[in-house]
Every structure is written in C-alpha cells, then in structure tokens.
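Visitor: Starting off with a structure, shown below.
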Amino acid sequence: MAPFEKERRKPEAMIVAFDFDGTLSGDEMTTFLAERCGVVEQMDSITERAMAGEIEYAQSLRERCGLLEGLDDSEAVEAFQEVHLRPGAADVIEALNDAGVTTAILTGGFERGVAAALETAAVSVDRIVANRLPVEDGQLTGEVEGPLIEGTKDDALAALVSEYGVDMDETVAVGDGANDLPMLEVAGLAVGFEPKSAVEPACDVVVESMPELQALLEDDGVL
C-alpha cells in the first residue's frame with residue numbers, strides 16, 4: 001500500500017479517478033526536480049516536443065527523468081515537499097471519502113510527490129497509481145519505473161473497476177491533458193479540469209475550480 005492510501009475497505013458504488021499534475025495540483029513536480037539539477041530549459045524543451053507530437057509520452061518521460069540522473073535523493077525529497085494540492089482539492093476528496101466513494105489518483109507523475117502533497121493537506125485516497133524514480137547510492141539513477149509509462153489510464157481505471165466490483169459507467173474521471181484522454185473516453189462521466197483544447201471534446205463537462213467540481217459532483221448525485 002502506497003503512502004496516504006487509505007486502508008482497504010469494502011467495494012463502493014462509485015469510483016472517482018483524478019489526474020494529479022494540472023488537475024489536483026497546479027504544480028509540475030518534474031519542474032521542481034529540474035530546478036535542483038539546473039536543467040529546466042532542457043526539461044521544457046522535451047515537454048514542448050511532446051506537446052507538439054514530435055515524441056511519444058513514454059519517450060518524453062524517460063528523457064526528462066534521464067536529466068535527473070545523479071540528483072541527491074535528499075534534494076528530490078525537498079523538491080517533492082514543494083508539491084501542493086490546489087485550493088479546494090482536499091475538500092473535494094474529503095467529501096467523496098465521507099460519502100463512501102472510492103477515490104483514486106492516476107498519474108504519470110511520481111508517488112512520492114503525490115504522497116507529499118496529500119500529507120501536507122492531511123487527506124488520503126483509496127488508491128495511487130503512479131510512477132517511481134529509482135534511487136541508488138543516495139542518488140536518482142535517471143531511470144523511471146511504474147505502470148503509467150507505457151501503460152495508459154484507461155487500463156488503470158479498468159483495473160480499479162474490476163478490483164472494486166463496479167461498472168465502468170459508475171466511474172468519474174477528472175483530468176486536463178492528453179495522457180488523460182484514455183480514461184476520459186471510457187469513464188461514465190468525463191470531467192475536464194481546465195482541459196487542453198485537444199482534450200475538451202472528450203469531456204462531458206468542463207470545470208475551472210475545485211469548488212465548481214464539488215458542486216458538479218453534488219448536482220450529479222455523486223455526493
């Protein structure tokens with residue numbers, strides 16, 4: 001069980017799956033890491049190439065993580081501590097938890113950054129599906145491991161649906177970017193959080209703040 005996942009409980013009737021970077025958090029944890037390595041410009045260049053469709057997501061992630069090779073893990077820990085939830089995000093998660101809804105974070109970002117943000121906000125979720133930055137001899141190796149490098153978020157959501165014994169139409173996906181498209185396209189309700197222009201057509205509804213998201217979930221009967 002990853003840090004700040006809740007203890008397992010019986011399956012619930014709904015699953016709400018969130019993207020992290022750009023959705024639950026306005027921060028970009030790779031940027032905080034890049035700042036400590038002095039490779040922000042190189043990191044931004046790779047990101048721009050990926051957004052332009054010049055390289056695939058998995059390749060861009062590996063290239064960005066490669067720039068972090070040799071960073072002291074203590075520096076990485078400090079960078080992860082800079083990651084925070086958006087205003088109102090903890091309130092949404094807490095309301096879902098109180099309502100008995102299964103909550104999940106599906107992100108191509110890194111477990112420790114997600115855990116740090118949840119710890120700061122004093123909130124927990126049922127499941128975190130994220131990637132990891134291996135450490136050897138106290139330094140980042142420059143590699144990346146995890147289920148959301150080659151794997152996609154629709155598969156991750158399908159695995160949760162099977163595990164918790166619900167139907168796909170009993171799911172809500174909340175995201176903003178291209179790598180959220182797979183889960184947005186299969187979820188029962190697809191919510192775009194300030195989505196990129198290429199993502200918005202896949203969304204059933206668009207919100208621009210966490211209070212607006214909470215109101216939507218209340219109106220839709222999820223809360």
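The values are calculated or read from the model by the stated rules, or taken from the named source; none is laboratory data. These numbers come from a predicted model, not from an experiment. Cβ sites come from the backbone with ideal geometry, for glycine too, and all protein chains shown count toward neighbours. For the accessible areas, the whole protein counts, side chains as well, though only heavy atoms, and no ligand, DNA or RNA atoms are used. Shrake-Rupley method; radii C 1.70, N 1.55, O 1.52, S 1.80 Å.
Visitor: If you go through region 198-223 one residue at a time, how many are open to solvent by 60 Å² or more (accessible area, probe 1.4 Å), modelled with pLDDT under 95 and within 19 Å of the chain's Cα centre (by Cα)?
Guide: Total meeting the criteria: 2.
Visitor: Let me ask you something else. Of all residues in region 142-185, count the ones that are out of contact with any strand residue (DSSP E or B) (no Cβ under 7 Å at 6 or more places or on another chain) and in a loop (DSSP other than H, G, I, E, B).
Guide: Total meeting the criteria: 8.
Visitor: Take the conditions in a loop (DSSP other than H, G, I, E, B) and modelled with pLDDT of 95 or more and apply them to Val191. Does it pass? Explain how you work it out, then say what you get.
Guide: Details: in a loop (DSSP other than H, G, I, E, B): no; modelled with pLDDT of 95 or more: yes.
No.
Visitor: Give me the pairs: first residue in region 138-157 and free of Cβ contacts under 8 Å to residues at least 40 places away in the same chain, second residue open to solvent by 40 Å² or more (accessible area, probe 1.4 Å) and of a type in the set (Lys, Arg), beta-carbon distance under 9 Å, and six or more apart or on different chains, which are they?
Guide: Listed by first residue and then by second, the contacts come to Glu145/Arg132; Gly146/Arg132.
Visitor: Among Glu82, Glu94, which is the only one that is more than 20 Å from Leu223 (Cα to Cα), among the charged types (D, E, K, R) and surrounded by fewer than 23 Cβ atoms within 10 Å (Cβ to Cβ)? Break it down into steps so the answer makes sense when it comes.
Guide: Values: Glu94 fails: more than 20 Å from Leu223 (Cα to Cα).
On inspection, the qualifying residue turns out to be Glu82.
Visitor: Another question about this same structure. For the condition touching a helix residue (DSSP H, G or I) at 6+ places or on another chain (Cβ under 6 Å), in contact (Cβ under 8 Å) with a residue 12 or more places away in the chain, open to solvent by less than 50 Å² (accessible area, probe 1.4 Å) and not hydrophobic (A, V, I, L, M, F, W, C), what is the one hit in Gly177, Gly188? Show your work before the answer.
Guide: Details: Gly177 fails: touching a helix residue (DSSP H, G or I) at 6+ places or on another chain (Cβ under 6 Å).
On inspection, the qualifying residue turns out to be Gly188.
Visitor: Still on this structure: Here's a check for you: in region 45-64, which residue that is charged (D, E, K, R) and within 22 Å of Gly146 (Cα to Cα) is most open to solvent (accessible area, probe 1.4 Å)? Don't jump to the end; show me each part of the working.
Guide: Keep residues of region 45-64 that are charged (D, E, K, R), which gives 48-49, 54, 56, 62-64.
Now restrict to residues that are within 22 Å of Gly146 (Cα to Cα): 56, 62-64.
On the way: Glu56: 137, Arg62: 108, Glu63: 59, Arg64: 27 Å².
Per the criteria, the residue is Glu56.
Visitor: Let me ask something else. Yes or no: region 143-157 includes at least one residue that is of a type in the set (Val, Ile, Thr), closer than 24 Å to Ser209 by Cβ and either within 11 Å of the chain's Cα centre (by Cα) or open to solvent by 40 Å² or more (accessible area, probe 1.4 Å) (or both). Write out each step before concluding.
Guide: Here is the first cut: in region 143-157, the residues of a type in the set (Val, Ile, Thr) are 144, 149, 152.
Checking which are closer than 24 Å to Ser209 by Cβ leaves us with none.
Within region 143-157, none of the residues are of a type in the set (Val, Ile, Thr), closer than 24 Å to Ser209 by Cβ and either within 11 Å of the chain's Cα centre (by Cα) or open to solvent by 40 Å² or more (accessible area, probe 1.4 Å) (or both).
Visitor: Quick one: in region 158-177, of everything that is among the β-branched types (Val, Ile, Thr) and at pLDDT 95 or above, which residue is nearest to the chain's Cα centre (by Cα)?
Guide: Narrowing region 158-177 to residues among the β-branched types (Val, Ile, Thr): 161, 166, 171-172, 174.
From what's left, at pLDDT 95 or above: 161, 171-172, 174.
Working: Val161: 17, Thr171: 16, Val172: 14, Val174: 10 Å.
Residue satisfying both the conditions and the ranking: Val174.
Visitor: Okay, next question. Which fully enclosed helices (runs of 4 or more DSSP H) of region 52-123 have 1 or more residues being small (Gly, Ala, Ser) and within 16 Å of the chain's Cα centre (by Cα)? Give the derivation first.
Guide: Values: elements: 57-66, 73-80, 89-98, 111-121.
Counting at least 1 such residues, we get 57-66, 89-98, 111-121.
Visitor: So, in region 7-30, of the ones that are farther than 21 Å from Met168 by Cβ and among the acidic types (Asp, Glu), which residue ends up modelled with the highest pLDDT?
Guide: Top of the filtered list is Asp21.
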